[in-house]
Structure formats: structure tokens, C-alpha cells
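In what follows, a single structure is set out as C-alpha cells and then discussed.
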Amino acid sequence: MIINMAVQDKFNKPNVIYKITKVIDLVGGTLTIPEGCTLDFQGGGINNGTLALNNTALIGTIKIANTVTITGNTSTSTLYPEWFGAEGDGITNDLKAIQTAVDIAPYNAQIIFTNKYKIFGVNSESFNRREDGIYIKSGVQFNGLAGAQLIADNWCCNIFTTPPEANDLTKPNISNVRFYNLELVHTHDSIYQFSALINLANIDNCIIQGCKFLSYCGDGITAGALLSPDEGRWMTSFVNDVTVRDCIFDGKNIVSRQGISVYVCNNFTIDNNLFKNSSGDVMPGAIDFEPEADVEIKNVKIINNHFENIKGVVGTIAFVNPVGNNITADRFIIENNTFVSSNSHDIYIKMESQTTCSLIITKNTFIKSKVYFSVNKISDVIITNNIGGQLKYGNAISNSVKANYCNNITGDQVGMELWDNPAVTFDNCEAVLIDGNFHQRINTDSAFKLKGTIGSAIIVNNRVNAWETSNVKFVELAENANLDRYIIKNNLCGAPSDIGEYNDLSSVSSCSFNLDTLPDSLPIGIVGTVIGADSINKSPLNAEGGLLLSVHPTNGYYKGLTKQLFFPMFVRGAQPYAYLFIRKRLDNNTWSEWLHVATSSLNPTPTVGPSSSRPAAPQAGIFYFDTTLSKPIWGNGSAWVDATGTAV
């Protein structure tokens, strides 16, 4: 209906400033403003009807009642919901006024929130997953001033959301959106899977910074959850170039889902946020990547965040693919985060059907954690320079092409409930590198455990300290382990008791090698593990030497050390003595050169030969490979004995 022509006739020229000095009642009609005009509100307002803008500027003390429907667009780049009838009292439903500001805003506009705004759901009986919330659009920035708050009522699914779509997308429909310094609150006390304070179903280039997400009954942020109109299936959606920075996610210990849930993304950065008191007991954790269709999840950075008191049952940071979708995932970086008192894994990643993906976990701190990582079916894994204190163990890397675990400091289980698990298990990995780690006060069954098929394992430059009198192994081979080639050297194992033993390495082949240049590709095994001074009943290092090599009588594998101080290197082969080397400690910092056992002049006693050539009264501790018996033997001071202690 057209309003009184006398009123419309007063607004009949383009590019004119019209002063609104009194209240204009449109009486249900439509007032159309010509192109390029300015409405200057000087004590007046507009009520009851439709106002059609045409690139119209709004200035002055703007009062357009909530009973007015506004169409078209404004050229004013800073808008306030109060201009369009928002009460801002935290009680009245201000959804329509806020939506009006969004709908008429020009590109690169900002909407300023200064009060408390209540957002009602579509109905008062159940969540509507697609329709609830403020529909965002491209090129709009949402800013909150100090004390501003948006509150979702009991039945409101979302506060901000990308609009629902009727069909699958081929590209994002929404781009260049910003959320700054907003406080978003959900008041419902039950979990709803598709409820989110900010729902980004499809978007390109979005920044969420300095916001607070409080008491969310679903997620703080959901990315990529685009449902069909009947909610019967997941639709193709896109979430590209999203950054969440300097935000607080506080579940307030109510039953909630995650701080952030991601279903699809490319370039998603989560930087310098606080996550606390969140995730229900049946939910994954603080950040959850959970693809529900054949999608891409790539280029994810989770950096500089703090996680505390996360109650989820999967992982503080979780990536799961429960239905085995054919996802494309790659390039995950989890760096410089702090994890405190997590209820489950700090990092849990299980890709299921994924075959190619890189993951870097670096420079993180783990405090009072159960298990700080579990990684499965990631092709390239790098876990380096992390610090963990007061940990339960059970960390694992499984089904990887390259698994690198380097320069990590973990341990100190004092005061923690202990798990009977290895500190780190490597299961079915083609190449394993364990280098430069320090595991302290371990009270589990081993520092490192190898399971399944391991193509190659290089374990070098590590230090392991056991706790009290625990019988801790440095490296353990599971019964089902199939180890192709390995290098174990230059490790320091400190423990009050014997450090344990290596299981049978009979499946390991061997060949000759150069001690100075050991190519990774050779099917060889090398053991050169250092036993610290405190590991031999707390005795000081004996610079005089005293060499004892314990070799299995039939399989010829390195079994461990008892109470003699020596530092062996042993390569298993069909004829063990042919690939056996020793060296002697000359003082606290100096070693002799590695010497071949069969030709060594380290001891004047011959080290290999028939039974008839061995000395009759051997010194205690000297080694001899008896070719008549085809096995190694040792002198005990008066006679020769084999590895079982039986005189021979």
C-alpha cells in the first residue's frame, strides 16, 4: 500500500537531504526514498510500515521503529541496532532490528553493539537448525563495545549464521566477514549438535577476534555444517581462510559440545585463544574436526592457545573420521599451545580412510595430562620440541609412512595415576626417527615400544630416567613386531635397576657397514646405548673398564647390561662375532675407538677361535667366541661360561 501521497510527495527528489523533525506514521504503507538522498533525523522518527531505501544515508538521532520493514540499502557505513528498534535490555527480542541493520548495510560496513541483546529462536518448542539466528552477509563487520553482549534464548540455535542454502554449493556465497570483541552467550542447558553461537556453513575470508563464547550448549563456533532443507543429508559447502584469534571459550562447566567444530575447511587458523571448562563427558573436546562427508580439511594451524579443564572423552584437539569418508586432509600444525588437566588425550587424531597428510606437533606444553597425543593414519608425522610434565603415558603413532619424535621432554609421573603403557608406541610405521628426547621418572613398561611392521627405526641421542626401582625397558619390541632395520646408539639410560632388555631381533637381517657413514637404507641394526652411572646400583663410572657383552646364545641379540660398565655396539647377523664391535671408556669424557671383536687388541686374550685355543684360566669378564661350540662365552675368573652361566 502506498502511503498518503502528501507524505510521499515530500520525498520526491534524488540526492536531497531530508530532515525528519517529527514522527512519520506510515500507517502500514510504503515510503520510497529517491536515490542518493540523506535522511537527517532531528527529533523525528518513522513508524508502522515499509521504508524503501535507495543508497540512502542515515544521520542524526535515528529512530526507525521495530514496526517498520526496511528494504533497499543505506550508504551509511556504521550502523547501530538501536536505530532500527532494538531495546538492548537483554530481555526483548532484538533479532529483527539487528537483522535489519545487516540487510541494509553497504559493503565494508560495521554494526556496533553497545548493550545486551536477546535473540529468540524461530519457535519456542524446538531448535530449527537452519533458520535460527542473525543471517550474516558479505563485507560486514560486527563490533562489540565494552559490556556488549548477545544472548540466545532457550530455543535459539544460532546467534550468527550464514543463511541456509537450498542446493549444494560450488563456491562460498559469503565473504569478508569480521567479528570483533563480542560476548556471546547461550542459555540452554542441553546439548544440541547443530547449535552454535557463530555458525559458518559457507564462507570465504572470515576473522573472529577478541570475542567471548560463554555457556554454549552446542559449539562456540561451527564451520562447514550445511544441511539440506529437510536436514536429511550434508550438503557441499566451503569454509576458506578463517582465523579465530584472541578469543575466550568458556563452557562454564555446563553440558556443552566443543569450543570449535570443523566439518570442512581450507586455511583455518586458531591462534592465541583460551579454552576452559568445556565439553560434555560424551563430547570430543575443545576443538573437533569431524568430516561428515567426502570433503577437504587442509592447512590447519592451531597455535599459541591455552587449554584447561577440558572434559571431552576423545581429545582436547580431536580429528576423527568415524564413518570413514574419503576426505582430503593435509598440513596440520599444532604449535606452542599449553594443555592443563585434560580429561582424555590432549591431541587425538585418527584419520581412518586418509592416506596422505602431514602433521606437525611442536613447542607445546602438557601439564597433568593423561595422554598427550595419539596419532593414527597420518602419513608424515613430526612431533618435536614439546614439554610434558606429570603425564600418564600411552602416547602412540600408528600407521604412518614417516614418524619423527625428536627433542621432546616428558615425564615426571609423581602424583599421577600411572598407566601400564609405554611412554611412546610406534605401530606399523615405515620409518621411525626417535632423536634427542628426555623422558624422566618413567614408571611404565618401556620408554619406546615398536609394534607391527617397522621398516626402519633410528633411535639416537635420547635420555631415559626410570623412577625408583621400576623395571623399565628403554626400547621394547612387541611380540608381533617385524623390524626390518634399526640403529640404536648414543642413548643415556639412567635407572636404579637394570634397564631391561631387547626382545628377540631374529627377524632383523644384517650386512657389513662403515661405522662412520651408516646409510639409512642398509638393512642393519646397531645398538650403542649408554647406561648412566646411577643405573648400576648408583655406582660411579669405572674408568678402568671391565667389559661384559651379554649375547643370546642362539639368536645373538643384545640383551642388556648387568653390573659391568661397558658400551657395546652390536649388529645381529648369521655369525654374530663377524659384526661385533666394542669400545672402552678411558675416562669420564674419552672413549677408545670402536674395535672389531675378532681382531681387537683391546685385550691381549684372543677373542675368537676353537676351544683348544682359549686360555685355561680366563680373567673375569673377558669375551671369547668359541668356533668349536659356535657361540660366545665369557671368563668368570676360573672357567668359561656361556650366556646362561653354564660352564663350557
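Those residues that are modelled with pLDDT of 80 or more, open to solvent by 10 Å² or more (accessible area, probe 1.4 Å) and not β-branched (Val, Ile, Thr), I need them from region 170-195; list them, please. Hits for region 170-195 are 171, 172, 173, 175, 176, 178, 180, 181, 183. Being surrounded by 15 or more Cβ atoms within 10 Å (Cβ to Cβ), outside any strand (DSSP E or B) and out of contact with any Asp or Glu (no Cβ under 6 Å at 6 or more places or on another chain) is a property that holds for residue 62. Looking across 91, 70, one residue alone is touching a Leu at 6+ places or on another chain (Cβ under 8 Å) and either surrounded by 17 or more Cβ atoms within 10 Å (Cβ to Cβ) or farther than 21 Å from residue 24 by Cβ (or both). It is 70. Counting only residues that are of a type in the set (D, E, K, R), part of a loop (DSSP other than H, G, I, E, B) and at pLDDT 65 or above, region 219-257 holds 3 of them. Regarding residue 287, is this residue out of contact with any Gly (no Cβ under 8 Å at 6 or more places or on another chain) and modelled with pLDDT of 85 or more? Judged against the criteria, residue 287 is not a match. Each residue in region 147-169 was checked for being open to solvent by 10 Å² or more (accessible area, probe 1.4 Å) and either of a type in the set (Phe, Trp, Tyr) or on the phi > 0 side of the Ramachandran plot (or both), and 2 pass. Where residues in region 258-284 are in a strand (DSSP E or B) and among the small types (Gly, Ala, Ser), which of them is modelled with the lowest pLDDT? Looking at residues that are in a strand (DSSP E or B) and among the small types (Gly, Ala, Ser), I get 278. Given the criteria at pLDDT 80 or above, on the phi > 0 side of the Ramachandran plot and not hydrophobic (A, V, I, L, M, F, W, C), does residue 144 qualify? In short, no. Condition check for residue 22 on (1) more than 17 Å from residue 104 (Cβ to Cβ); (2) surrounded by 15 or more Cβ atoms within 10 Å (Cβ to Cβ); (3) touching a Gly at 6+ places or on another chain (Cβ under 9 Å): one failure, at (2).
The values are calculated or read from the model by the stated rules, or taken from the named source; none is laboratory data. For clarity, every value in this text was computed on a predicted model and none was experimentally measured. Glycine also receives a Cβ, built like all others from the backbone with ideal geometry; neighbour counts cover every protein chain displayed. When the accessible area is computed, the model is the full protein with side chains, heavy atoms only, and any ligands, DNA or RNA have been set aside. Shrake-Rupley method; radii C 1.70, N 1.55, O 1.52, S 1.80 Å.
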